[in-house]
Amino acid sequence: MDKQDIFEQIDGIEERMGATYEELGALKKRIITLIEENKRLSIENQQLRKLIRQEETVLEQPEGLAMEPPPVIGAGYDNLTRLYNEGFHICNVYYGHLRTEGDCLFCLSFLNK
């Protein structure tokens, strides 16, 4: 085996390693996407279960103790507060997106106005 053959072998190995590295990077990105989606769906699932429990509680109350509808005045603010508490952004920057990293300063400043 001469020097040229050795260098050609090394070049081939480098090319295969580069392709493997690129494939590994693509798999890593896909896993990150799947983990984020799983987290978002888990949060949404928790919120839906909570809403179902609240609905069941309201439906189980005797007729004499039926809850009155919330007042119409301030209903928009109350709806935004409810959405925020359910884990959604209400700020103009990320409106409607799930909050995955805790509180949003933009949303909180809007609620405190």
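The table that follows gives values for the structure above.
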{"item": "Residues of the range 82-113 with amide N under 18 Å of a point placed 7 Å along Cα→Cβ from residue 38", "result": "100-101"}
{"item": "Size-normalised alpha-carbon gyration radius of the chain, reference 2.2 N^0.38 Å", "result": "2.02"}
{"item": "Relative contact order, percent, the chain [alpha-carbon distance under 8 Å, six or more residues apart]", "result": "16 percent"}
{"item": "Linear extension gain, residue 23 paired with residue 9, 0.36 nm per residue minus alpha-carbon span", "result": "2.9 nm"}
{"item": "Helix axis angle, 3-60 relative to the chain longest principal axis, alpha carbon, degrees", "result": "10 degrees"}
{"item": "For peptides 19-30, 43-54, 81-92, sequence by mean Cβ density within 10 Å, most packed first", "result": "81-92, 43-54, 19-30"}
{"item": "Pairwise label distance in nanometres, residue 16 with residue 59, each label 7 Å out on the Cα-Cβ vector", "result": "6.2 nm"}
{"item": "Hits among lysines - C-alpha to C-alpha of residue 50 under 25 Å, sequence gap 8 or more where chains match", "result": "39"}
{"item": "Accessible carbon and sulfur surface of the chain relative to its total accessible area, %, 1.4 Å", "result": "59 percent"}
{"item": "Stokes-Einstein D in µm²/s, Kirkwood radius over Cα pairs - the range 1-61 at 20 °C with 1.002 mPa s viscosity", "result": "133 µm²/s"}
{"item": "Solvent-accessible area per residue for the chain (1.4 angstrom probe, square angstrom)", "result": "89 Å²"}
{"item": "Approximate shape of the range 73-112 as ellipsoid semi-axes (Cα gyration tensor, √5λ), whole Å, largest first", "result": "16, 10, 8"}
{"item": "Degrees, to the nearest 10: 75-85 long Cα axis against longest axis of the chain", "result": "40 degrees"}
{"item": "Total charge dipole magnitude, the chain, about the Cα centre, Cβ charges on Lys, Arg, Asp, Glu only, Debye to nearest 20", "result": "520 debye"}
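The values are calculated or read from the model by the stated rules, or taken from the named source; none is laboratory data. Not measured: the values here are computed from a predicted model. A quick note on method: Cβ atoms are made from the backbone with ideal geometry, for glycine too, and the neighbour counts reach across all protein chains shown. Remember, those area values only see protein heavy atoms, side chains included, never the ligands or the DNA or RNA. Shrake-Rupley method; radii C 1.70, N 1.55, O 1.52, S 1.80 Å.
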